[in-house]
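A quick write-up on the structure given underneath.
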Amino acid sequence: MPKTTVRAAWPLPLLLLAAALLLGGCAPAAAGPVAVAVDAGVDSAAVPAATRPPVISTGVPPSPTPAPSATPTAPPALTASPTPLATATPIPSPSSRPSPTPDRDILCSQRLPGSDLLTIVTLTYGLSRDFEPRGLVPLDGYLPKEVTLGYPTQLRHVAVGPLVRMIADMQAAGLHPFIISGYRSYSAQAIARQKWFEEEPERAAILSAPAGFSEHQLGTVVDFGSPELPEVVGQEDIEFHTYFYKTSEGMWLAENAHKYGFTLSYPFEAFEITGFFYEPWHFRYVGVEMATHLHEAGISLTEHQLAEEPPPCIPDES
Ligand SMILES: [Zn+2]
């Protein structure tokens, strides 16, 4: 009997269950033939205007204030951390361009040796609930309180040295950067997202990513603040605002962060590629080589990943 006949004879619930298992990335070995669709190359201009996301073109931004619980409260994982399970989980997303199909049979080490810093996270490719990065350390052991604001912010150790050097150079230049947010666990992101919806329901979807789809879960992302922001925006309690790019700290970071290995994840008007609005305060550590490449090419990490890197893979469990 031909296989097609067998599959067609499956009851619908079984087919749906099988599909759900594949999408959930539960069983790599069970993933059937790999449908490789490396960067389908669909021209975003072909997207009907009605479905195109809005673009912030005026510089008039969302003016989020941080959710109180956005800062992680979990204790630092200084000992051996649980096995990372950064499963790329594709979900339909009308606001992002077609992405490569994840290949669950191939480990990242076979694709991007030593480059777990480049794990793709978009509104299409998320991280599993269980994913916790290795080597998280509390920043207050490395930076003074005027920089950490006394928040229990954590970051992966690999990014801390470059961050400390960058902050020191900023301070030497007369600047006063501070860090509003770093690592956020899956559950912390879920709580933060919920608070956004309670406090600003109309903009919550713009101001925060769903749990599992925030780069902050990687532990290599920092949200910076500037003491100039309230005056620039004209609002006393503001901490996040697109006008961060107008502050001395924002301008310095835009020009220099790549020299320390940090890249701006969500550049101006890159919405259709990243799925996120302009966030001039949100920097991700990717290493000096990659950050410099992205800076010189004038592209976002996501754009590079979708165009140049192989489809998402299974991060190593070592
Ligand atoms: Zn951020």
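For the range 272-318, a residue qualifies if it is at pLDDT 85 or above and under 22 Å from Y243 (Cβ atoms), and the qualifying residues are F276, F277, Y278, E279, P280, W281, H282, F283, R284, H295, G298, S300. The residues of the range 289-302 that are under 18 Å from the mean Cα position of the chain (by Cα), assigned to a helix (DSSP H, G or I) and free of Cβ contacts under 8 Å to residues at least 60 places away in the same chain, listed by number, are A291, L294, H295.
Return yes when A205 is among the hydrophobic types (A, V, I, L, M, F, W, C), farther than 25 Å from A188 by Cβ and within 16 Å of the ligand (Cβ to nearest atom) and no when it is not. When the stated conditions are applied, A205 does not pass them. If I go through the range 156-166 residue by residue, how many of them are in contact with a helix residue (DSSP H, G or I) (Cβ under 6 Å, 6 or more places away or on another chain) and under 22 Å from E239 (Cα atoms)? Selection size over the range 156-166: 1.
Has the range 223-237 got any residue that is more than 18 Å from R156 (Cβ to Cβ) and modelled with pLDDT under 90? Yes; the residues of the range 223-237 include at least one that is more than 18 Å from R156 (Cβ to Cβ) and modelled with pLDDT under 90.
Quick one: would you say T302 is of a type in the set (S, T, N, Q), under 26 Å from M170 (Cα atoms) and either in contact with a helix residue (DSSP H, G or I) (Cβ under 7 Å, 6 or more places away or on another chain) or crowded, with 22+ Cβ neighbours inside 10 Å (or both)? No; evaluated as a whole, the condition is false for this residue. Only one of the numbered conditions (1) under 14 Å from the mean Cα position of the chain (by Cα); (2) within 13 Å of W281 (Cα to Cα) is violated by I180, and that is (1).
If you scan the range 231-269, which residues turn out to be crowded, with 22+ Cβ neighbours inside 10 Å, of a type in the set (G, A, S) and more than 15 Å from the ligand (Cβ to nearest atom)? Answer for the range 231-269, where residues must be crowded, with 22+ Cβ neighbours inside 10 Å, of a type in the set (G, A, S) and more than 15 Å from the ligand (Cβ to nearest atom): just G261. Among residues of the range 163-188 being polar (S, T, N, Q) and within 30 Å of S248 (Cβ to Cβ), the one that is farthest from the ligand (Cβ to nearest atom) is Q171.
Residues that are within 15 Å of the ligand (Cβ to nearest atom) and among the acidic types (D, E) within the range 208-230 comprise E215, D223, listed in sequence order.
The values are calculated or read from the model by the stated rules, or taken from the named source; none is laboratory data. From a predicted model like this one, the values you see are computed outputs, not experimental measurements. With ideal geometry, Cβ positions are generated from the backbone for all residues, glycine too; neighbour counts draw on all protein chains shown.
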